[in-house]
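Peer 1: Sharing a structure, written as structure tokens. Questions coming.
The values are calculated or read from the model by the stated rules, or taken from the named source; none is laboratory data. Computed from a prediction, not measured in an experiment: that's the story for all the values here. Quick reminder, even Gly has a Cβ in these numbers, built from the backbone with ideal geometry, and neighbours come from all protein chains shown. When the accessible area is computed, the model is the full protein with side chains, heavy atoms only, and any ligands, DNA or RNA have been set aside. Shrake-Rupley method; radii C 1.70, N 1.55, O 1.52, S 1.80 Å.
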Amino acid sequence: MLWATATVVALGFLIALEIAARRYGLPGPITTQVQEVVFAPKSGFLLYASMALMMVVLTWRQRFIAAGAAIGIDVTFSLVRWAADVKVTDGHPFGNGALWVILGYAVIAVTRRTGRERVLLLKGVGLGLLLVAGRKTGDTWLLITSKTRPAVLDQYVATADHALGNPSWLVGRIVTATGPIGARFLDYVYTQLAVAAVLVALYQLRNVAVERRFPGHHLVRTFLVIGLLGPGIYMIYPVVGPIFAYGADGGHWAVANLWPDTPPPVNVPHQMPFDEITPRNCMPSLHTAWATAIFIHSRKGPRSLQFAGAFWLIATLGATLGFGYHYGADIVAGVVFTLTIEAALRSLDRGWDRSGIQLVIYGATVFAALLVSYRYLPMEMAKHPWVAGPLLILAMTSVILCYVRTTKLWEPKAAPARQPEPQPELV
């Protein structure tokens, strides 16, 4: 019943976004996904990662057959495009095969499986399609933010960011100094965040095929909820980012061409109009939120996975700030946002209790306080950075400590080993 309800809600949400996108003369998430059945997909890596998620419910023999079928279909598509002299100018020349395999297993589940096996296979297919749909709905959400929010609040966040020392300007100069090699490396990390999430999720779901059931909580759930709730905050707090509001990428809409060389002066902030193209996708930083979720879920893995999770978090923070996509205030809000969602999902899985409710309420309160302070106290924060800056870091750190302390209490306690009772000796 829960999965059926989630499916209906997700389908209704996709239809609503499709209608909203059509109002602006652009295809919505359903249309763009259907197009990728035939046309070159936007991200072939994401489609193969989604297929890998679906394959956690399959046996090893079925996985090899599915992977081979996907590669074979992609080779066929490439040969047809070559014969028809069709050039792939946007997206990747592969990935259609992975989508075909996912859809094929949906048909197999309905027509060739029954009972629990059908439900398990449909869950696997749904997991893979949800990851793809999440990317498509995110693109549509960004379009809606740019069309419905003509004014942005960048001046408020940039002013408040003085309390943190304008980290985007600092890291931006560092990334610029590394040259094209450093920029390309960080760009790859930034754009392939979903693939990193799939690697962690595959480790968490490695026993599904044997146990014939999914664990109660895993990374994909957190990833999807972050992507669902985050754009709603974008609508409340529209921000485009330093490289657009204070950089050359903003064109004549920018306040001035200051990023990353010259931090903005401390002036009374105002709302500023901006174009209807640039997404208002800064507050909070969802890339930071997703990277934080990857880091949290990688802690229970082997040392190599823990290292990868920490690396991806650090590199993502460097990219979000160094490319001028986010302010430091966005990063702080993104971390608190993730920990609150993670606490809520874990509480939902294990059953709500007082500690879980308190943690979620505290995280939500701190997150709301951050947004309110950025909006209504930016001048005070900029004029007293040695007070406001540590308070922001302290607020974020307090949520981290509360999360760590509370979730540690939730961990199952290992039963102490029974000591053998002393036996009487023969005299």
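Peer 1: Return the pairs, sorted by first residue and then second, in which the second residue is open to solvent by 50 Å² or more (accessible area, probe 1.4 Å) and modelled with pLDDT under 95, the first residue lies in the range 364-387 and is closer than 11 Å to VAL157 by Cα, the beta carbons are less than 6 Å apart, and the residues are 6+ apart or on different chains.
Peer 2: Taking only residues 6 or more apart or on different chains, the pairs are ALA382/VAL266.
Peer 1: If you scan the range 5-41, which residues turn out to be in contact (Cβ under 8 Å) with a residue 12 or more places away in the chain, within 23 Å of the chain's Cα centre (by Cα) and over 27 Å from LYS87 (Cβ atoms)?
Peer 2: THR7, ALA10, PHE13, LEU14, ILE15, LEU17, GLU18, ALA20
Peer 1: Return the residue satisfying two criteria in turn: it lies in the range 254-292 and is at pLDDT 90 or above and among the small types (Gly, Ala, Ser), and of such residues it is farthest from MET379 (Cα to Cα).
Peer 2: ALA291
Peer 1: Regarding LEU219, is this residue open to solvent by 30 Å² or more (accessible area, probe 1.4 Å), within 15 Å of the chain's Cα centre (by Cα), in contact (Cβ under 8 Å) with a residue 24 or more places away in the chain and under 30 Å from GLU117 (Cα atoms)?
Peer 2: Details: open to solvent by 30 Å² or more (accessible area, probe 1.4 Å): no; within 15 Å of the chain's Cα centre (by Cα): yes; in contact (Cβ under 8 Å) with a residue 24 or more places away in the chain: yes; under 30 Å from GLU117 (Cα atoms): yes.
Considered against the rule, which asks whether it is open to solvent by 30 Å² or more (accessible area, probe 1.4 Å), within 15 Å of the chain's Cα centre (by Cα), in contact (Cβ under 8 Å) with a residue 24 or more places away in the chain and under 30 Å from GLU117 (Cα atoms), LEU219 comes out as no.
Peer 1: While we're on this one: Taking the stated definitions as given, is ARG22 charged (D, E, K, R), over 28 Å from GLU117 (Cα atoms) and loosely packed, with under 14 Cβ neighbours inside 10 Å?
Peer 2: yes
Peer 1: Right, here's the next one. All but one of (1) open to solvent by 40 Å² or more (accessible area, probe 1.4 Å); (2) touching a Phe, Trp or Tyr at 6+ places or on another chain (Cβ under 7 Å) hold for MET283; state the number of the condition that does not hold.
Peer 2: (1)
Peer 1: What is the one condition in (1) farther than 21 Å from LEU130 by Cα; (2) of a type in the set (A, V, I, L, M, F, W, C); (3) surrounded by 15 or more Cβ atoms within 10 Å (Cβ to Cβ) that PHE64 does not satisfy?
Peer 2: Result: PHE64 passes all but (3).
Peer 1: State all residues of the range 194-247 that are polar (S, T, N, Q) and part of a helix (DSSP H, G or I); if no residue qualifies, say none. Steps first, answer last, please.
Peer 2: We begin by selecting, within the range 194-247, every residue polar (S, T, N, Q); these are 204, 207, 222.
Scanning the range 194-247 gives GLN204, THR222.
Rundown of residues vs (1) of a type in the set (Gly, Ala, Ser); (2) within 30 Å of ARG23 (Cα to Cα), yes/no style:
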| position | (1), (2) |
| --- | --- |
| VAL56 | no, no |
| GLY97 | yes, no |
| ILE108 | no, no |
| THR145 | no, yes |
| ARG149 | no, yes |
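Peer 1: Taking SER50 as meeting all but one of (1) among the small types (Gly, Ala, Ser); (2) surrounded by 16 or more Cβ atoms within 10 Å (Cβ to Cβ); (3) over 30 Å from ILE277 (Cβ atoms), write down the number of the exception.
Peer 2: The failed condition is (3).
Peer 1: Within the set of pairs 6+ apart or on separate chains, which have a first residue in the range 180-195 that is in contact (Cβ under 8 Å) with a residue 60 or more places away in the chain, a second that is open to solvent by 30 Å² or more (accessible area, probe 1.4 Å) and not hydroxyl-bearing (Ser, Thr, Tyr), and C-beta atoms under 6 Å apart?
Peer 2: These pairs meet every condition: LEU193/TRP290; VAL195/PHE45.
Peer 1: When residues of the range 132-171 are filtered for being open to solvent by less than 20 Å² (accessible area, probe 1.4 Å), aliphatic (A, V, I, L, M) and in a helix (DSSP H, G or I), how many remain?
Peer 2: So the count comes out to 6.
Peer 1: So, one more: Would you confirm whether or not the range 395-405 contains a residue that is open to solvent by 100 Å² or more (accessible area, probe 1.4 Å), modelled with pLDDT of 95 or more and in a helix (DSSP H, G or I)? Steps first, please.
Peer 2: Residues of the range 395-405 open to solvent by 100 Å² or more (accessible area, probe 1.4 Å): 401, 405.
Remaining after also requiring modelled with pLDDT of 95 or more: 401.
Next cut, in a helix (DSSP H, G or I) only: 401.
Among the residues of the range 395-405, at least one is open to solvent by 100 Å² or more (accessible area, probe 1.4 Å), modelled with pLDDT of 95 or more and in a helix (DSSP H, G or I), which makes the answer yes.
Peer 1: So how many residues does the range 67-109 have that are open to solvent by 50 Å² or more (accessible area, probe 1.4 Å) and of a type in the set (Asp, Glu)?
Peer 2: 2
Peer 1: Return a yes/no flag: does the range 293-303 have any residue that is among the basic types (Lys, Arg) and surrounded by 14 or more Cβ atoms within 10 Å (Cβ to Cβ).
Peer 2: Taking the range 293-303 as the starting set, the residues that turn out to be among the basic types (Lys, Arg) are 299-300, 303.
Still in the running and surrounded by 14 or more Cβ atoms within 10 Å (Cβ to Cβ): none.
Taking every residue of the range 293-303 in turn, none turns out to be among the basic types (Lys, Arg) and surrounded by 14 or more Cβ atoms within 10 Å (Cβ to Cβ).
Peer 1: Name the pairs whose Cβ atoms lie under 8 Å apart, with the first residue in the range 314-327 and at positive phi and in contact (Cβ under 8 Å) with a residue 12 or more places away in the chain, the second in a helix (DSSP H, G or I) and open to solvent by less than 10 Å² (accessible area, probe 1.4 Å), and 6 or more positions between them or separate chains?
Peer 2: Partner pairs satisfying both residue conditions: GLY324/SER168; GLY324/GLY172; GLY324/PRO242.
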